[in-house]
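Visitor: One structure follows; several queries about it will come next.
The values are calculated or read from the model by the stated rules, or taken from the named source; none is laboratory data. Nothing here was measured: the structure is a model prediction, and the numbers come from that model. Counting neighbours? That spans all protein chains shown, and the Cβs are built from the backbone with ideal geometry, glycine included.
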Amino acid sequence: MEINEALEYAVKRLKAISYTNPYNESKTILEELLKVNRAYLIGHGDQEIHKDIFEKLKSIVDRRLKGEPLQYILGFADFYDDRFYVNPSVLIPRFDTETSVEIIKTYLKDKKTFLEIGVGSGAVILSLAKIYREKNFTGVDISEKAIEVANKNKENLKIKNADIFKSDLFSNVNGKFDIIYSNPPYIKTSDILNLQKEVKDYEPKLALDGGEDGLKFYKKIIKEYKNYINPKGFLIFEIGYDQGEDIKKLADAKIFKDLSGKDRVAVIEVS
């Protein structure tokens, strides 16, 4: 079987479910199986592939059709400028969260210390630590398994200026920081069953469930953060697409929108 035929097979099968991007996912699968880049796939469509490769392709497509996220199947997610190891212990980094990174950069450039609450895979904190090697980064998460994933990514990316450890919000945090950032669980409990199958059945509920109103963790952080932030510092949240007004009721926040024009980041300035 040729590369083009394998791609056609995968695309045709993946079109059967609405939550995939059949062409992109099929190419990503073959890139990983063949250890080649996309340009190679395009330029060598008539190349024969080994039967074992096709069997692996079929197996991955079968798992994908059941709803399992491709990132968990392949064991990585691309975010910002890097590839991050992921497994079902952590949320898959979203493209939307790159907006958070861009907003944080505008506030972080003149600051020295940064704390992230709920690091998950470490995608945000490690992307920033890689850019700002001279600054100090601290990250916490309540999940030990998430901490393991984040520290593995820290090692993979050779990051030396970030300390990542277990803490239930601020419970194990010492000191004060110039910027505190969090992308906490913000889905209303009642809305979780309405999420896409690949999210509600595979991603960790601990990282999704924001309580009855979706604001549970924003309220907790806003209640405590002033004990951990320096004067003229900033508390920055990633928020849900419809949560801007709710956050503004909790604190004097400036709301930034993502590339789709939806609420995405809230910034609270400390006087």
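Visitor: Does the stretch 27-34 include one or more residues that are touching a residue at least 40 places away in the same chain (Cβ under 8 Å) and more than 21 Å from ALA77 (Cα to Cα)?
Guide: At the first step, the residues of the stretch 27-34 found to be touching a residue at least 40 places away in the same chain (Cβ under 8 Å) are 28-29, 32.
Add one more test, that the residue is more than 21 Å from ALA77 (Cα to Cα), and what stays is none.
So far as the stretch 27-34 goes, no, none of its residues is touching a residue at least 40 places away in the same chain (Cβ under 8 Å) and more than 21 Å from ALA77 (Cα to Cα).
Visitor: In the stretch 160-177, is there at least one residue being touching a Gly at 6+ places or on another chain (Cβ under 6 Å) and of a type in the set (Phe, Trp, Tyr)?
Guide: Residues of the stretch 160-177 touching a Gly at 6+ places or on another chain (Cβ under 6 Å): 164.
Checking the rest, the ones that are also of a type in the set (Phe, Trp, Tyr) come to none.
No: zero hits.
Visitor: Sticking with this one: Which one of LYS158, LYS200, LYS220, LYS205 is out of contact with any Asp or Glu (no Cβ under 8 Å at 6 or more places or on another chain) and at positive phi? Even if it seems obvious, please write down each step before you answer.
Guide: On the way: LYS200 fails: at positive phi; LYS220 fails: at positive phi; LYS205 fails: at positive phi.
Testing whether each residue is out of contact with any Asp or Glu (no Cβ under 8 Å at 6 or more places or on another chain) and at positive phi leaves just LYS158.
Visitor: Moving to a separate point now. Quick one: is GLU48 surrounded by fewer than 17 Cβ atoms within 10 Å (Cβ to Cβ), outside the structural domain of LEU259 (by the TED database), farther than 27 Å from GLY118 by Cβ and in contact with a strand residue (DSSP E or B) (Cβ under 9 Å, 6 or more places away or on another chain)? Step through it out loud before you land on a result.
Guide: Values: surrounded by fewer than 17 Cβ atoms within 10 Å (Cβ to Cβ): yes; outside the structural domain of LEU259 (by the TED database): yes; farther than 27 Å from GLY118 by Cβ: yes; in contact with a strand residue (DSSP E or B) (Cβ under 9 Å, 6 or more places away or on another chain): yes.
So GLU48 fits the description; yes.
Visitor: Here is a check on your reading of the model: is ILE179 β-branched (Val, Ile, Thr) and touching a residue at least 60 places away in the same chain (Cβ under 8 Å)?
Guide: Working: β-branched (Val, Ile, Thr): yes; touching a residue at least 60 places away in the same chain (Cβ under 8 Å): yes.
Answer is yes for this residue.
Visitor: Just a yes or no: is a residue in the stretch 162-178 among the hydroxyl-bearing types (Ser, Thr, Tyr), outside any helix (DSSP H, G or I), touching a strand residue (DSSP E or B) at 6+ places or on another chain (Cβ under 8 Å) and under 19 Å from GLU224 (Cβ atoms)?
Guide: Within the stretch 162-178, one or more residues are among the hydroxyl-bearing types (Ser, Thr, Tyr), outside any helix (DSSP H, G or I), touching a strand residue (DSSP E or B) at 6+ places or on another chain (Cβ under 8 Å) and under 19 Å from GLU224 (Cβ atoms).
Visitor: Which of the residues that make up the stretch 144-161 are out of contact with any Lys or Arg (no Cβ under 7 Å at 6 or more places or on another chain) and not in a helix (DSSP H, G or I)?
Guide: Step one: filter the stretch 144-161 for residues out of contact with any Lys or Arg (no Cβ under 7 Å at 6 or more places or on another chain), giving 145-146, 148-156, 158, 160.
Listed by number, the residues that qualify are LYS158, LYS160.
Visitor: Taking the conditions exactly as written (hydrophobic (A, V, I, L, M, F, W, C), more than 23 Å from VAL199 (Cβ to Cβ) and outside the structural domain of ILE92 (by the TED database)), does LEU14 satisfy them or not?
Guide: Values: hydrophobic (A, V, I, L, M, F, W, C): yes; more than 23 Å from VAL199 (Cβ to Cβ): no; outside the structural domain of ILE92 (by the TED database): yes.
Spelling it out, it is not the case that LEU14 is hydrophobic (A, V, I, L, M, F, W, C), more than 23 Å from VAL199 (Cβ to Cβ) and outside the structural domain of ILE92 (by the TED database).
Visitor: Which residues, taken from the stretch 202-258, are in contact with a helix residue (DSSP H, G or I) (Cβ under 7 Å, 6 or more places away or on another chain), β-branched (Val, Ile, Thr) and assigned to a strand (DSSP E or B)?
Guide: If the condition is that a residue be in contact with a helix residue (DSSP H, G or I) (Cβ under 7 Å, 6 or more places away or on another chain), β-branched (Val, Ile, Thr) and assigned to a strand (DSSP E or B), then ILE236, ILE255 are the ones that fit.
Visitor: Given the conditions (1) under 13 Å from VAL90 (Cα atoms); (2) in contact with a Lys or Arg (Cβ under 8 Å, 6 or more places away or on another chain); (3) not basic (Lys, Arg), report the number of the one that LEU126 does not fulfil.
Guide: Tallying (1) under 13 Å from VAL90 (Cα atoms); (2) in contact with a Lys or Arg (Cβ under 8 Å, 6 or more places away or on another chain); (3) not basic (Lys, Arg), LEU126 fails exactly one: (1).
Visitor: What are the pairs with Cβ atoms under 9 angstrom where one residue, in the stretch 215-237, is not assigned by the TED database to the domain that holds LYS111 and the other, located anywhere, is surrounded by fewer than 21 Cβ atoms within 10 Å (Cβ to Cβ) and of a type in the set (S, T, N, Q)? Sequence gap at least six, or different chains.
Guide: Partner pairs satisfying both residue conditions: none exist.
Visitor: Kindly provide the set of residues from the stretch 130-148 that are more than 18 Å from SER167 (Cα to Cα) and in contact with a helix residue (DSSP H, G or I) (Cβ under 8 Å, 6 or more places away or on another chain), ordered by number.
Guide: Hits for the stretch 130-148 are ILE131, TYR132, LYS135.
Visitor: Picking from LEU157, LEU206, LEU259, which residue would you name as being closer than 20 Å to ASP141 by Cα and modelled with pLDDT under 95? Steps first, answer last, please.
Guide: On the way: LEU157 fails: modelled with pLDDT under 95; LEU259 fails: closer than 20 Å to ASP141 by Cα.
Every option except LEU206 fails the conditions.
Visitor: Taking the stated definitions as given, is TYR107 more than 18 Å from the chain's Cα centre (by Cα) and not acidic (Asp, Glu)?
Guide: Details: more than 18 Å from the chain's Cα centre (by Cα): yes; not acidic (Asp, Glu): yes.
Yes, satisfied.
Visitor: With respect to ASP78, determine if the residue is modelled with pLDDT under 95 and either touching a Pro at 6+ places or on another chain (Cβ under 8 Å) or charged (D, E, K, R) (or both). Reasoning before the result, please.
Guide: Numbers: modelled with pLDDT under 95: no; either touching a Pro at 6+ places or on another chain (Cβ under 8 Å) or charged (D, E, K, R) (or both): yes.
No; evaluated as a whole, the condition is false for this residue.
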